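Following: one structure in structure tokens, then a few remarks.
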2 protein chains.
Amino acid sequence: MNSHQERVRIGITMGDPGGIGPEIIVKSLAETGVYEKIIPVLYGDPEVFRQTAHLVQWHGHIKVIENAREAVGELGVLDVVATSNVGHPMDYGKVSAKAGDMAVKAIMAVIEAAKNQDIAAINTAPINKEAVRKAGYHYPGHTEMLAELFCADHVVTMFVVENLRVFFLTRHHPLKEAIALLTIDRVYEGIEQGIRYLQNLGFSEPCLAVAALNPHGGENGLIGSEEHDILAPAVSKAQAAGLSVVGPVPADAVFYQARQGRYTGVLSLYHDQGHIATKTLDFNGTVSVTLGLPVIRTSVDHGTAFDIAGKGVADAHGQSEALRVCSELARLTRLTT
Amino acid sequence: MNSHQERVRIGITMGDPGGIGPEIIVKSLAETGVYEKIIPVLYGDPEVFRQTAHLVQWHGHIKVIENAREAVGELGVLDVVATSNVGHPMDYGKVSAKAGDMAVKAIMAVIEAAKNQDIAAINTAPINKEAVRKAGYHYPGHTEMLAELFCADHVVTMFVVENLRVFFLTRHHPLKEAIALLTIDRVYEGIEQGIRYLQNLGFSEPCLAVAALNPHGGENGLIGSEEHDILAPAVSKAQAAGLSVVGPVPADAVFYQARQGRYTGVLSLYHDQGHIATKTLDFNGTVSVTLGLPVIRTSVDHGTAFDIAGKGVADAHGQSEALRVCSELARLTRLTT
């Protein structure tokens, strides 16, 4: 059997048990098609998954396994590596140290499994930052925890919706500050990085487009100077270095054109630029990918949604997308390495 | 017959004859469904439309009429009020004073027709600013020309895609400047105006959402101060004045939520915020609506596309959308006035 026909073994962490994580996991794995391409291995609490199965009226078998390699990946069976054993139903919709601890334990276990190559990729369900803090951990979020425990120097986030892949030059900065942070060197680095990560993913000749900052891409200096002073020089420098990059492209065109397949990825200059594009297209289905780890990691971009947890109404479409992107990227990476 | 069953008589200007305007008009009027709701009346040059009919292999009849009221609105017939008679084929894809003059003449005529109530709404095809200038006119664009000739004090642009309606607090300013322009008074005015225009359109109880400026809507002051210092106070002031407004809502959620029908409209704080949302969703199908004139005016948001003019390959989907939105808004306005 060729390696590209083998199913990708994905470690899936349950997230905060008081949120919608377990629910969207169980729902997304109730679809037949999923098993054609992946072997899902759940990391979390068997009791939580039993409670969830009851909630969503899923009537399959929850099978506790010791190691991801034992997972069979069949519709109707959830293979679970137990990372806690709470033994009683959990409260939904509440920030709790216990829940935070359980969520973190599942992540720690999945990282170990990846290090041992028992799984080929990671998918994580939402955690609650406050609960994690209450449980005594210092990690502000998944990304930082994964980077630290994998000893990764540098990780980046890429958003994926349909054919659109977005990198971010800056993320959690006030907009004014994100503009002030723009320099030729920083943009050049962002370009170089984006292209390198796309190549690592298996895109052989990726073309990256840099979004413009100002309306109409600055309209030749009539509406703002950053395109002329910073963005165009950074793109020229990158092109001179042999990188396949274009731009700055007006931001109201670049994401659309990327959707159409004109670019492999887009470099967004600030958080909302890429977020508005992806999340307006598909709010729940926007997939966040962490690159720079030894394995691909994907997740939905939404949170624990405590307000609707335990009601059985959570939309699992995003989780299905996160699993699809996870398997596609892991497969692509494997094919080319 | 009730007024809402009457078809809306829309004056359609041909735009620059060297661009794709005439082509998208003829293509959009070759669809049967269009005539159920509108009576299209073309303003422009009969020879240009003949040339276009040949280009797109449309085999109907071009009927020159004196007044819009003579138009019959039947598939296979294009009713044209002749605003020029060039008498020979026009060159495609070139900036020309002659073409600019023809484009302006059509707009002047449609404005007169609207003033005489011969038509109930206006739809305009793209013009070329340079050609208009060469022809000796001082108008920088359609909006300014319409405002001046209709003697309208105040006009605003609203973008429409699907269920999403977007107003802009600022438009053609560098992003840095658009942020600096934010004040409580200005945002309050933007809210008040947006709601008033929605009411004028016939939405009886419009709810407007104000987009946030910073990532995660500023995350309670952790990522930027404008939400706390400017946006929230402006929204509170508007609520206290009885206006139905919410926000600031994180910009990566607000446009999606509006699409879902949660808000009647969104107030975008800067050009690209609303542009990225609408044009990433539907680049060609984003409809620009001018409000504040005695009649509704819609247009596609793209330009003359000189690079593909005369090739018969222009996508008329946006023009079809512009006609649909024009008829819907004109109908809504009429039903409630």
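The values are calculated or read from the model by the stated rules, or taken from the named source; none is laboratory data. Bear in mind the structure is a predicted one, so any value in this text is a computation, not a measurement. In this analysis, Cβ positions are derived from the backbone assuming ideal geometry, glycine residues included, and neighbour counts consider all displayed protein chains. All accessible areas refer to the heavy atoms of the entire protein, side chains included, with ligands and DNA or RNA removed. Shrake-Rupley method; radii C 1.70, N 1.55, O 1.52, S 1.80 Å.
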Problem set entry | Only one of A:Leu243, A:Leu269 that is touching a residue at least 60 places away in the same chain (Cβ under 8 Å) and more than 8 Å from chain B (Cβ to nearest Cβ) | A:Leu269
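Of the residues B:Asn123, B:Asn85, B:Asn163, B:Asn116, which single one is within 14 Å of another protein chain (Cβ to nearest Cβ) and among the polar types (S, T, N, Q)?
Only one candidate passes the filter, namely B:Asn163.
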Problem set entry | Test result for B:Ile308, within 14 Å of another protein chain (Cβ to nearest Cβ) and among the β-branched types (Val, Ile, Thr) | no
Exercise. Out of region B:237-251, which residues are assigned to a loop (DSSP other than H, G, I, E, B) and of a type outside the set (A, V, I, L, M, F, W, C)?
Worked result: B:Gly242, B:Ser244, B:Pro250
For this session: Of the numbered conditions (1) within 22 Å of the chain's Cα centre (by Cα); (2) modelled with pLDDT under 95; (3) buried (at least 21 other Cβ atoms within 10 Å of the Cβ), A:Tyr270 fails exactly one; give the number of that condition.
Result: (2)
Exercise. So which residues in region A:34-50 are under 13 Å from A:Ser327 (Cα atoms) and out of contact with any helix residue (DSSP H, G or I) (no Cβ under 9 Å at 6 or more places or on another chain), if there are any at all?
Worked result: A:Tyr35, A:Glu36
Exercise. Scanning region B:280-291 for residues that are farther than 20 Å from B:Leu146 by Cα and open to solvent by 10 Å² or more (accessible area, probe 1.4 Å), which turns out nearest to the other protein chains (Cβ to nearest Cβ)?
Worked result: B:Phe283
Problem set entry | Residues of region B:292-309 classified as farther than 19 Å from B:Ser320 by Cβ and surrounded by fewer than 22 Cβ atoms within 10 Å (Cβ to Cβ), total | 5
For this session: Please go through region B:223-240 and pick out each residue that is crowded, with 18+ Cβ neighbours inside 10 Å and away from chain A (no Cβ under 14 Å).
Result: B:Ala232, B:Ala234, B:Val235, B:Ala238
Problem set entry | Check on A:Gly217, touching an Asp or Glu at 6+ places or on another chain (Cβ under 7 Å), closer than 29 Å to B:Lys129 by Cβ and buried (at least 18 other Cβ atoms within 10 Å of the Cβ) | yes
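Every residue, every condition in (1) outside the structural domain of A:Asn200 (by TED's automatic domain parsing); (2) farther than 30 Å from A:Thr183 by Cβ; (3) hydrophobic (A, V, I, L, M, F, W, C), yes or no:
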position: A:Ser288; (1), (2), (3): yes, no, no
position: A:Val295; (1), (2), (3): yes, yes, yes
position: A:Gly312; (1), (2), (3): yes, yes, no
position: A:Asp315; (1), (2), (3): yes, yes, no
position: A:Glu328; (1), (2), (3): yes, yes, no
position: A:Arg331; (1), (2), (3): yes, yes, no
Exercise. Do we have any residue at all in region A:173-181 that's open to solvent by 10 Å² or more (accessible area, probe 1.4 Å), within 14 Å of chain B (Cβ to nearest Cβ), of a type outside the set (Val, Ile, Thr) and assigned to a strand (DSSP E or B)?
Worked result: no
Problem set entry | Where B:Ile191 falls short, out of the listed (1) at the interface with another protein chain (Cβ under 9 Å from one of its Cβ atoms); (2) in contact (Cβ under 8 Å) with a residue 60 or more places away in the chain; (3) crowded, with 24+ Cβ neighbours inside 10 Å; (4) among the hydrophobic types (A, V, I, L, M, F, W, C) | (1)
Exercise. Of the residues that make up region B:126-141, is at least one away from every other protein chain (no Cβ under 14 Å), more than 26 Å from B:Ala211 (Cβ to Cβ), of a type in the set (D, E, K, R) and outside any loop (DSSP other than H, G, I, E, B)?
Worked result: yes
Problem set entry | Counted residues, region A:144-155 - those being open to solvent by 40 Å² or more (accessible area, probe 1.4 Å) and not in a loop (DSSP other than H, G, I, E, B) | 3
Exercise. If A:Asn200 satisfies every condition in (1) touching a residue at least 60 places away in the same chain (Cβ under 8 Å); (2) part of a helix (DSSP H, G or I); (3) within 14 Å of another protein chain (Cβ to nearest Cβ) but one, which is the exception?
Worked result: (3)
Problem set entry | Candidates A:Val210, A:Val254, filtered to the one that is open to solvent by less than 10 Å² (accessible area, probe 1.4 Å), assigned to a helix (DSSP H, G or I) and either within 14 Å of chain B (Cβ to nearest Cβ) or under 30 Å from B:Ala178 (Cα atoms) (or both) | A:Val254
Seminar exercise, completed: The helices (runs of 4 or more DSSP H) lying wholly within region A:2-117 that contain at least 3 residues that are open to solvent by less than 10 Å² (accessible area, probe 1.4 Å) and β-branched (Val, Ile, Thr) are A:21-28, A:97-115
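Residue check: is A:Ala131 of a type in the set (A, V, I, L, M, F, W, C) and either within 30 Å of A:Lys94 (Cβ to Cβ) or touching a Gly at 6+ places or on another chain (Cβ under 6 Å) (or both)?
yes
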Exercise. Going by the structure shown, is B:Glu205 surrounded by fewer than 22 Cβ atoms within 10 Å (Cβ to Cβ), of a type in the set (Asp, Glu) and within 14 Å of chain A (Cβ to nearest Cβ)?
Worked result: no
Problem set entry | Close pairs (8 angstrom Cβ cut-off, 6 or more residues apart or separate chains): farther than 22 Å from A:Ala103 by Cα in region A:47-74, in a loop (DSSP other than H, G, I, E, B) and basic (Lys, Arg) anywhere | A:Gly73/A:Arg7
Exercise. Does region A:195-202 contain at least one residue that is assigned by TED's automatic domain parsing to the domain that holds A:Gly242 and more than 24 Å from A:Ser327 (Cβ to Cβ)?
Worked result: no
